[in-house]
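The values are calculated or read from the model by the stated rules, or taken from the named source; none is laboratory data. Since this is a predicted model, take the numbers as computed values, not measurements. We place every Cβ from the backbone using ideal geometry, glycine too, and count neighbours over all the protein chains shown.
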Amino acid sequence: MKSLTTVSLAMPVILLSLSILVACYPQASPTATIIQSTKPAGTIAPDVEYSSVTQSYRTASTLQQLVAESAVIVVGDTTTTGETINLARNPNDPTQPDLKNLVVGQVYRVTVKRYLKGSGTNSINVVQPEAYLFERTPKTPENIEKARAKDNHIPLRPGITYLFFLNLMEKEFPGQNYFTGDRHPWRFVLPATGNAQPESPWSGAAHVFLPRPSADLISEVEFWINGGKLPTPANLTPLPIRVTPTRRPYP
């Protein structure tokens with residue numbers, strides 16, 4: 001017998017009715033259903049999903065919304081895969097992990113090529129959740145890998161240039177330089193050739209944000225960063241106007 005617990009998720013910190021905090025993330029949604037086994041703790045029912053959250057997503061409908069809700073917007077490359085952290089936090093002290101629940105946050109090292117909004121270091125840590133293991137699931141390496149395999153996240157790939165829409169997780173992880181997105185699609189792939197496109201497990205992302213040239217995408221992002229105004233060419237020097245004399249016909 002399974003019992004269904006509906007949880008409420010909010011960004012950037014997700015408050016679960018299971019009395020845990022999940023540090024920020026759009027991967028989990030305004031609502032999610034968690035399947036819990038009624039078997040004793042320490043055992044796993046064969047029909048219990050390791051990644052037990054039925055996800056929907058907090059989504060954006062325009063680039064303007066993504067820009068407005070992101071404190072930091074960067075163009076950068078993923079260089080390496082870093083450590084994992086527990087995004088489930090102690091509700092009494094969000095700087096501490098929850099001891100019963102595990103939301104695996106994978107950290108990726110990103111080399112920043114350009115800050116479009118905000119400022120910071122040349123290297124940042126981008127985090128996304130990649131597995132959910134709740135109280136009755138033993139937190140063994142085997143179970144974690146099974147939960148990862150069942151989750152529908154998309155890993156960040158080395159050698160790919162991304163446009164990221166991010167917020168800093170300073171409240172939950174002070175001084176760690178951990179960033180994550182707030183709404184899907186919180187990142188776009190910027191290929192060397194071809195069109196930029198959103199990268200997200202949200203199936204509607206590619207329909208709402210159509211493929212377009214990378215330069216065009218970045219230009220619109222800068223437009224909204226500038227408050228919906230075209231940049232003022234303050235430092236441009238006017239070019240001299242060359243006047244060619246008109247020859248008058250000889251009388």
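Computed quantities for the displayed model
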quantity	calculated
Cβ pairs under 8 Å, 6+ apart, first in the range 194-211 and under 14 Å from His153 (Cβ atoms), second part of a loop (DSSP other than H, G, I, E, B) and polar (S, T, N, Q)	Pro201/Gln27; Pro201/Asn152
Selection count, the range 68-85, where residues are surrounded by 15 or more Cβ atoms within 10 Å (Cβ to Cβ), among the β-branched types (Val, Ile, Thr) and touching a residue at least 60 places away in the same chain (Cβ under 8 Å)	6
The range 156-171 residues that are under 15 Å from Gln106 (Cβ atoms), paired with ones that are assigned to a strand (DSSP E or B) and modelled with pLDDT under 95 (beta carbon under 6 Å, 6 or more apart)	Met169/Ala23
In the range 166-188, the residues that are in contact with a Pro (Cβ under 8 Å, 6 or more places away or on another chain) and either surrounded by 17 or more Cβ atoms within 10 Å (Cβ to Cβ) or under 16 Å from Pro201 (Cβ atoms) (or both)	Asn167, Met169, Glu172, Thr180, Gly181, Asp182, Arg183, His184, Pro185, Trp186, Arg187, Phe188
